[in-house]
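Colleague: Right, I'll just put the structure down here and ask away after.
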Amino acid sequence: MPEYATYALVLLSLGMYVVLDGYDLGVGMLSLLAKGESRREYGELVATAWDANESWLVLAGVALWAGLPGVYATVLPGVYLPLTGMLLSIILRGMGLEFQSAAAGYRRGWALLFGASSVAATLCQGLVLGGVLSGLRQRGGSFSGGAFDWLTPYSVLCALGLVVLYLLAGAAWLQDKTEGAARERAGRAGRPLLVGTTVAALILGFGLEVADPQKFRFDEPVRATLYWTAVAGAVAAGAVAWHGFGRRPDWRPFAGVVAAQACGLLALVIATVPVIVPPDLGIHQASSPHGSQTFLVVGVGLCMPVVLAYNAYAWWAFRGKFTQASEAPLAPLRVRARGSHQARPEPGGFVALLRRALLTVLGIGLAAMSQDVFGGVATWIDPVGIALLSATALIAWLLSDRRDQRDGVFDLDPADADSARAET
């Protein structure tokens with residue numbers, strides 16, 4: 001029985017990731033359709049919780065690796081390319097979001113990077129899901145197929161369907177969290193996206209019978225009852241979302257979309273269990289020994305309240321409508337006199353673009369090496385990646401300190417200096 005607890009833990013983590021990170025990926029994609037400062041507003045809205053949302057993906061990976069190593073050994077090499085693309089997209093998405101948030105004003109390049117990376121991450125997730133549901137060739141508990149077995153017509157349809165679903169969740173979230181023009185745009189987009197999601201769900205649902213090599217057991221009364229109950233729940237939740245778009249209270253569309261997502265995931269699990277990776281890799285064959293299962297369930301069970309607590313706190317702390325804070329004008333920098341030395345202006349144009357490109361390439365390279373995505377048995381990749389990452393962070397720290405010292409950031413204001421001398 002511990003293997004079923006582990007499987008439930010993996011499903012819970014993946015479900016929480018789809019529900020929570022799905023809406024902020026949708027907001028990121030919708031930001032591409034916005035203009036100017038609206039993109040910055042979307043990014044600031046996502047910045048309140050995106051890192052907490054993605055922690056569920058880490059938890060799912062750990063539980064899968066420790067509790068269901070057979071799935072890990074089959075799925076990872078089978079969908080290696082889209083999974084790596086998803087991880088790199090998440091890295092670039094975080095870079096675009098954080099650099100845009102730290103900028104003094106709207107920066108088109110970082111905003112577009114955030115939006116485009118959201119699209120790429122969603123497409124890669126859909127390709128991974130569709131590739132797994134299409135069946136992965138396996139022999140003796142490990143993957144035996146080719147590098148592009150994940151690329152099937154069903155995986156492409158699944159990727160497109162996931163894009164529409166996340167856009168729907170993003171529109172519902174924007175109606176709940178914004179006012180004015182942004183809320184109106186989200187309300188108008190919600191119903192067409194809900195129709196698109198329904199069409200995609202029907203195509204993918206009926207297409208699964210053709211794409212999935214396993215035989216579904218809907219002749220079992222309990223399975224059939226649970227499945228159609230979940231489908232009915234998804235339909236009812238979709239009706240709630242349809243009625244709520246463009247109307248008050250603004251939380252109803254998001255609640256309906258979340259409930260529909262949960263019911264859809266439950267219907268998929270009910271239809272496929274106990275098979276995890278089609279055509280025939282089940283829970284028992286993929287599980288680790290009972291001792292490892294018990295250790296995992298207890299260890300993660302102790303961590304689960306903490307994860308839930310900081311997710312709940314983030315939601316509580318940023319509850320209500322999002323309002324862009326008015327920025328007070330910044331005082332001019334005081335530069336310490338050193339002869340005729342003056343603070344150098346910020347590089348612009350080609351220099352700034354080149355610097356951002358080099359930072360992006362460096363970040364991707366370091367992340368790739370530290371995660372050992374180049375495969376093989378090269379044991380030097382991890383130490384070199386960590387050493388480069390540490391050295392780069394140290395150099396960036398020293399250079400920023402030198403620049404702040406040159407620009408007079410560390411200098412006391414004359415009034416503060418006089419008060420300090422008076423106190424001494």
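Colleague: Are any residues in segment 163-180 without any contact (Cβ under 8 Å) to a residue 60 or more places away in the chain and hydrophobic (A, V, I, L, M, F, W, C), and if so, which ones? Please lay out each step first, then the result.
Modeller: Going through segment 163-180, the residues without any contact (Cβ under 8 Å) to a residue 60 or more places away in the chain turn out to be 164, 180.
Across segment 163-180, the qualifying residue is only Val164.
Colleague: Being open to solvent by less than 10 Å² (accessible area, probe 1.4 Å) and among the small types (Gly, Ala, Ser) is true for just one of Ser134, Ser142, Ser155. Which residue is that? I'd like the intermediate steps shown before the answer.
Modeller: On the way: Ser134 fails: open to solvent by less than 10 Å² (accessible area, probe 1.4 Å); Ser142 fails: open to solvent by less than 10 Å² (accessible area, probe 1.4 Å).
It is Ser155.
Colleague: Now a separate question. Check Leu68, Leu83 and return the single one that is closer than 22 Å to Leu281 by Cβ, touching a strand residue (DSSP E or B) at 6+ places or on another chain (Cβ under 9 Å) and buried (at least 17 other Cβ atoms within 10 Å of the Cβ).
Modeller: Leu68
Colleague: Take segment 157-182 and flag every residue that is at pLDDT below 90 and closer than 13 Å to Ser31 by Cα.
Modeller: Of everything in segment 157-182, just one residue is at pLDDT below 90 and closer than 13 Å to Ser31 by Cα, namely Ala182.
Colleague: For segment 220-240, state whether one or more residues are open to solvent by 40 Å² or more (accessible area, probe 1.4 Å), closer than 30 Å to Tyr7 by Cα and within 25 Å of the chain's Cα centre (by Cα).
Modeller: Taking segment 220-240 and keeping what is open to solvent by 40 Å² or more (accessible area, probe 1.4 Å), we get 220-222, 225-229, 231-232, 235-236, 239-240.
Restricting the remaining residues to those that are closer than 30 Å to Tyr7 by Cα gives 220-222, 225-229, 231-232, 235-236.
Pick out the ones that are also within 25 Å of the chain's Cα centre (by Cα) and you get none.
Within segment 220-240, not a single residue is open to solvent by 40 Å² or more (accessible area, probe 1.4 Å), closer than 30 Å to Tyr7 by Cα and within 25 Å of the chain's Cα centre (by Cα).
Colleague: Let me ask you something else. Tally the residues that are assigned to a helix (DSSP H, G or I), among the hydrophobic types (A, V, I, L, M, F, W, C) and farther than 13 Å from Arg217 by Cβ, restricting the search to segment 266-284.
Modeller: Qualifying residue count, segment 266-284: 5.
Colleague: Right, here's the next one. Just to be sure, is Gly96 under 30 Å from Gly180 (Cα atoms) and part of a helix (DSSP H, G or I)? Break it down into steps so the answer makes sense when it comes.
Modeller: Details: under 30 Å from Gly180 (Cα atoms): yes; part of a helix (DSSP H, G or I): yes.
Yes.
Colleague: Only one residue in Glu179, Glu209, Glu184 is acidic (Asp, Glu), outside any helix (DSSP H, G or I) and open to solvent by 40 Å² or more (accessible area, probe 1.4 Å), so which one is that?
Modeller: Working: Glu209 fails: outside any helix (DSSP H, G or I); Glu184 fails: outside any helix (DSSP H, G or I).
After ruling out the rest, the residue left standing is Glu179.
Colleague: Could you please give the count of residues in segment 268-290 that are touching a helix residue (DSSP H, G or I) at 6+ places or on another chain (Cβ under 6 Å), open to solvent by less than 40 Å² (accessible area, probe 1.4 Å) and without any contact (Cβ under 8 Å) to a residue 60 or more places away in the chain?
Modeller: Count: 1.
Colleague: Just wondering, is there one or more residues in segment 33-55 that are open to solvent by 40 Å² or more (accessible area, probe 1.4 Å), of a type outside the set (Phe, Trp, Tyr) and under 10 Å from the mean Cα position of the chain (by Cα)?
Modeller: Within segment 33-55 (the criterion being open to solvent by 40 Å² or more (accessible area, probe 1.4 Å), of a type outside the set (Phe, Trp, Tyr) and under 10 Å from the mean Cα position of the chain (by Cα)), the answer is yes, since at least one residue qualifies.
Colleague: Is one or more of the residues making up segment 105-116 surrounded by fewer than 19 Cβ atoms within 10 Å (Cβ to Cβ), among the hydrophobic types (A, V, I, L, M, F, W, C) and not in a helix (DSSP H, G or I)?
Modeller: No, every residue in segment 105-116 fails to be surrounded by fewer than 19 Cβ atoms within 10 Å (Cβ to Cβ), among the hydrophobic types (A, V, I, L, M, F, W, C) and not in a helix (DSSP H, G or I).
The values are calculated or read from the model by the stated rules, or taken from the named source; none is laboratory data. Everything numeric in this text was worked out from a predicted model, so none of it was measured. Neighbour counts are summed over all protein chains in view; Cβ atoms, including those assigned to glycine, are modelled from backbone coordinates with ideal geometry. Just the protein is used for accessible areas: all its heavy atoms, side chains included, with ligands, DNA and RNA removed. Shrake-Rupley method; radii C 1.70, N 1.55, O 1.52, S 1.80 Å.
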